[in-house]
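FYI, it's all coordinate maths here, none of it is from the lab. What you see is a predicted model; the values in this text were computed from it and never measured. For neighbour counting, all protein chains shown are included, and Cβ atoms are generated from backbone atoms with ideal geometry for every residue, glycine included.
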Amino acid sequence: MAEEPHRSSAAEIPVTSNGDLDQSPETVFQRDSHPSGQRALNLSESCVTSSNLTSTTEGVIESGPYRGSASLPTSPVASVAPSSAVASRLARSSSCSQAEKGGGAVVLSDDLKSPAMEKLDLVRKWSINTYKCTRQILSEKLGRGSRTVDMELEAQIEVLRDNKRKYQHVIKLAQTLANQLSQIMQTQRQLGDAFADLSLKSPELHEEFGYNADTQKLLSKNGETLLGAINFFISSVNTLVDKTIEDTMVNIKQYEIARVEYDAYRTDLEELNLGPRDATTMPKIEQSQQQFQIHREKYERMRNDVSIKLKFLEENKVKVLHNQLILFHNAIAAYYAGNQQQLEETLKQFHIKLKMPGGDSPSWLEEH
């Protein structure tokens with residue numbers, strides 16, 4: 001028998017000694033209907049049985065058309081010689097298709113970041129910003145770093161801070177005066193009660209004790225009116241300082257923080273521009289330029305907000321203090337002049353209602 005080309009055992013077909021198929025057509029079709037991966041594995045275990053072959057060398061056997069059944073293919077089986085690489089590729093493709101049908105591993109997208117990673121990124125940005133601002137503040141205190149200064153705005157802020165301290169001092173003194181006046185009124189009421197008691201028990205000095213009792217009671221009543229005016233003055237000025245001015249001071253603090261951040265990133269950009277420009281430093285310079293622009297816009301926006309706040313605050317402050325200073329002056333002048341009518345008209349002018357001692361609860365006569 002002539003030497004035939006070498007062939008892999010995966011393409012061998014089992015036949016009998018007379019050239020007929022070893023198995024029935026149904027068995028052949030059942031074998032061919034298996035998956036490609038399993039068929040590739042089973043074909044490798046097939047063998048050739050022929051009485052004409054005397055050597056152990058595997059050969060290629062061509063079989064003619066099978067005439068025993070009309071359902072079998074009539075075309076001859078062509079000689080196929082697949083290599084081991086082809087078989088391995090078939091096995092890999094089969095396993096890949098099974099993995100696709102079975103689901104396989106799920107790969108998460110990089111865009112889905114966990115909350116922990118977001119918090120870590122925020123902490124990192126905050127740390128970098130805090131470091132730059134701290135370095136800028138230390139440089140300014142040591143006289144090494146430059147500082148952006150708006151001379152006009154800084155002067156207005158300094159005047160506001162000085163006025164705030166002075167207004168707080170006036171409030172403290174007015175509160176001391178109110179406390180002392182309250183003690184004087186209490187003493188006058190006690191003194192008036194003592195004079196009235198002596199007027200009843202001393203017939204020979206009845207009129208003298210009576211005059212003094214009436215005078216002390218009148219002074220105590222006028223003192224209550226004056227105390228109401230002073231408390232209203234304290235409350236109004238205190239609202240101006242603790243609410244209106246303090247709200248502007250909060251904006252000033254935010255403006256100062258924005259100014260420090262702006263100078264910190266400006267200094268950082270200047271240092272990078274003084275260094276070499278290569279492929280490593282250019283991305284850092286571009287990023288620093290972006291951060292500098294962001295903080296510059298923030299600084300300018302806060303500066304404009306503070307300027308507008310100071311303007312409106314000045315107008316409101318003049319209006320409030322104008323009315324309160326007139327009230328305080330008229331009430332003090334009328335009290336020490338003994339003009340009870342003018343004192344009462346001053347309180348009516350500013351719509352001040354006095355709370356008399358025990359006025360919150362009805363009297364015994366009103367209840368009955």
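In this simple spin-label model, placing a label point 7 Å from the Cα along the Cα-to-Cβ direction at both Lys311 and Glu246 gives a separation of 2.7 nm.
Using the alpha-carbon centroid of each, what span in Å lies between the stretch 234-264 and the stretch 116-176? Rounded to whole Å, the Cα centres lie 10 Å apart. In terms of its C-alpha gyration tensor, the stretch 101-242 comes out prolate, because a/c is 1.5 or above and the ratio a/b outweighs b/c. Shape call for the stretch 180-307 from the C-alpha gyration tensor, a ≥ b ≥ c root eigenvalues: rounded (a/c under 1.5), prolate (a/b greater than b/c) or oblate? Prolate, because a/c is 1.5 or more and a/b exceeds b/c. The length gained by stretching the chain between Thr130 and Asn238 to full extension, at 0.36 nm per residue less their Cα-Cα distance, is 35.4 nm. Highest-first packing order for the peptide set 323-331, 201-209, 219-227 is 219-227, 323-331, 201-209, based on the mean count of other beta carbon atoms within 10 Å. Taking the Kirkwood radius as Rh and the Cα radius of gyration as Rg, the stretch 129-187 has a ratio of Rg/Rh equal to 1.39. Using the Cα gyration tensor of the stretch 241-281, with a ≥ b ≥ c the square roots of its eigenvalues, what is the shape: rounded (a/c below 1.5), prolate (a/b larger than b/c) or oblate (neither)? Taking the square roots of the gyration eigenvalues as a ≥ b ≥ c, the stretch 241-281 is prolate. For the stretch 341-353, putting each phi into the Karplus relation 6.51 cos²θ - 1.76 cosθ + 1.60 with θ = phi - 60° gives couplings of 5, 5, 5, 5, 5, 5, 5, 5, 4, 9, 6, 9, 9 Hz, in residue order, rounded to whole numbers and with x for Gly and Pro.
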